[in-house]
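The values are calculated or read from the model by the stated rules, or taken from the named source; none is laboratory data. On a predicted model such as this, the values are computed, not experimentally measured, just so you know. Positions of Cβ are generated from backbone atoms using ideal geometry, with glycine treated the same way; all protein chains shown enter the neighbour counts.
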Amino acid sequence: MKKILLLTSLLFMASQVKAFDALQKLQSLIGTEPSVEVNLGAAMLGLLSGMTSQEKQVSDVMKNLTEISVRVYDLEDDDFKGDLKQIKSFINATAGEMKALGMEQLAAIREDDSTVYIMAEMGTDAMKGLSVMSLDDDSELVVIKIGGQIMLKDLAGLMDRFDVDLSDIDL
């Protein structure tokens, strides 16, 4: 039993290091700091969940999250020294690696001026994580990672609460 717990801990730590390495590699490809950077851990998300208790749908989704990280890079900034082809290639390769690790590709847009991937780590009745990589108009890169358990029933309630209609989106 101890060996199983140790192996599980090591695998979890390795996946966290891999995610950190991917962000570091992306940072080096871009060559500039993000214009927006948000890092919320489990403690802060728990606090925010309690503060949104009047908004039950929001609170229900947030209470099981362990992290939210957001990075926005302005690629039209004078400080940007990266290569857009390398960045697109990195995004495509990273999405491929995520699929190889068992994540589901919920959406992909591959156009001349946009590259978007929405990837989810799925459980039986919940998402265990959600990642979004969006390069839009070759001018802005947004990377979002949400960790923790996202119950599908709670997500549906939240989408209904904010009138999100996906019926006209072709995925």
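Just to be sure I understand the filter: pairs with C-beta atoms under 6 Å, separated by 6 or more residues or on different chains, first member in the stretch 76-90 and at pLDDT 80 or above, second member of a type in the set (D, E, K, R). Which pairs pass?
Pairs that qualify, where the first residue is at pLDDT 80 or above and the partner is of a type in the set (D, E, K, R), are LEU84/ASP138.
Yes/no matrix, rows are residues, columns are (1) more than 19 Å from THR32 (Cβ to Cβ); (2) out of contact with any Ser or Thr (no Cβ under 7 Å at 6 or more places or on another chain); (3) of a type outside the set (Val, Ile, Thr); (4) free of Cβ contacts under 8 Å to residues at least 40 places away in the same chain:
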site	(1), (2), (3), (4)
ASP74	no, no, yes, no
LYS99	yes, yes, yes, yes
ALA107	yes, yes, yes, no
ASP113	yes, yes, yes, yes
ALA120	yes, yes, yes, yes
ASP136	no, no, yes, yes
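Go through the stretch 70-128 and give me each residue that's under 23 Å from MET151 (Cα atoms) and not hydrophobic (A, V, I, L, M, F, W, C).
Once the filter is applied, which keeps residues that are under 23 Å from MET151 (Cα atoms) and not hydrophobic (A, V, I, L, M, F, W, C), the stretch 70-128 yields LYS99, GLY102, GLU104, GLN105, TYR117, GLU121, GLY123, THR124, ASP125, LYS128.
Restricting the stretch 79-97 to residues that are closer than 20 Å to GLU33 by Cβ and of a type in the set (D, E, K, R), which is surrounded by the most Cβ atoms within 10 Å (Cβ to Cβ)?
Top of the filtered list is ASP83.
Can you tell me which residue within the stretch 122-171, out of those that are part of a helix (DSSP H, G or I) and crowded, with 17+ Cβ neighbours inside 10 Å, is modelled with the lowest pLDDT?
If we filter the stretch 122-171 for residues that are part of a helix (DSSP H, G or I), which is where we start, we get 152-161.
Right, trim to crowded, with 17+ Cβ neighbours inside 10 Å and you get 154-155, 158.
On the way: ASP154: 67, LEU155: 65, LEU158: 58.
Checking each candidate, the answer is LEU158.
Got at least one residue in the stretch 40-60 being among the hydroxyl-bearing types (Ser, Thr, Tyr), closer than 23 Å to ALA120 by Cα and at pLDDT 85 or above? Please lay out each step first, then the result.
Taking the stretch 40-60 as the starting set, the residues that turn out to be among the hydroxyl-bearing types (Ser, Thr, Tyr) are 49, 52-53, 59.
Now restrict to residues that are closer than 23 Å to ALA120 by Cα: 49, 59.
Now narrow it down to the ones that are at pLDDT 85 or above: none.
So far as the stretch 40-60 goes, no, none of its residues is among the hydroxyl-bearing types (Ser, Thr, Tyr), closer than 23 Å to ALA120 by Cα and at pLDDT 85 or above.
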